Amino acid sequence: MTAKVIRAFHVLGVVLFFGSILSHAIGGLAPAIHSSPETELLARQMITVATRYLTIPGLALLMITGIAMVLQRKGALLKARWFYLHAGLALIILINAFVTLIPIGGSLLAIAEGLVSGTGTNEGRAVLQGREAMFGATNVVLSLAVLFLGVLKPRFGTKKVKEA
């Protein structure tokens, strides 16, 4: 695969991932969502679908194409200091998503389902929503940092690695 094709798929991964962030924000912040248990359930279902079909595939595509870019360039990126920060922050985003955010989303969906069926309670919902907001915002900030590092490629006191 050529460098341009790999890069194009990497950009597609960025679009999928950032698109999912927008759907999460809209799904979680719209005032009408908390107007009824049914509306909240619909919002949580939409967030779950976005996670399943945008966030996870976007992250997978970013990781696969990121590794492919390193291999395709025969490790030249490993000489750039910015790349280590880029890759390290990407790893933190991945861990935050899979260890924290996806499980919290599943718990909030279960709470919403229980409220609609009449078998659940609101217990723990506010705490989970607060954690989701905090860890979600963390991922947004880290994602923007990763994006800017990948685009700007700051030197950090070393020579710039030649682009493929």
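The values are calculated or read from the model by the stated rules, or taken from the named source; none is laboratory data. Worth saying up front: this structure is predicted, and the values here are computed from it rather than measured. Using ideal geometry, Cβ is built from the backbone for each residue, glycine included, and neighbour counts are taken over all protein chains shown.
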Problem set entry | Residue tally, condition in a helix (DSSP H, G or I) and surrounded by 11 or more Cβ atoms within 10 Å (Cβ to Cβ), over region 100-126 | 18
Exercise. Between residues in region 147-162 that are over 13 Å from Leu77 (Cα atoms) and modelled with pLDDT of 90 or more and residues that are of a type outside the set (A, V, I, L, M, F, W, C) and assigned to a loop (DSSP other than H, G, I, E, B), which pairs lie under 9 Å by C-beta distance while being six or more apart or on different chains?
Worked result: Phe148/Pro154
Exercise. In this structure, is Leu61 surrounded by 15 or more Cβ atoms within 10 Å (Cβ to Cβ) and either acidic (Asp, Glu) or within 24 Å of Gly19 (Cβ to Cβ) (or both)?
Worked result: yes
Exercise. So which helices (runs of 4 or more DSSP H) are wholly in region 26-99 and hold at least 2 residues that are in contact (Cβ under 8 Å) with a residue 40 or more places away in the chain and in contact with a Pro (Cβ under 9 Å, 6 or more places away or on another chain)?
Worked result: 81-95
Exercise. Which is of a type in the set (D, E, K, R), touching a Lys or Arg at 6+ places or on another chain (Cβ under 9 Å) and modelled with pLDDT of 90 or more, of Arg7, Arg44, Arg81, Arg52?
Worked result: Arg81
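Let's see how each residue does on (1) exposed (fewer than 15 other Cβ atoms within 10 Å of the Cβ); (2) closer than 30 Å to Arg125 by Cβ; (3) in contact with a Ser or Thr (Cβ under 7 Å, 6 or more places away or on another chain); (4) not polar (S, T, N, Q):
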| position | (1), (2), (3), (4) |
| --- | --- |
| Leu41 | no, yes, no, yes |
| Val49 | yes, yes, no, yes |
| Thr65 | no, no, no, no |
| Asn96 | no, yes, yes, no |
Problem set entry | Residue selected from region 10-41 under the condition of a type in the set (A, V, I, L, M) and modelled with pLDDT of 90 or more, by the criterion farthest from the chain's Cα centre (by Cα) | Leu41
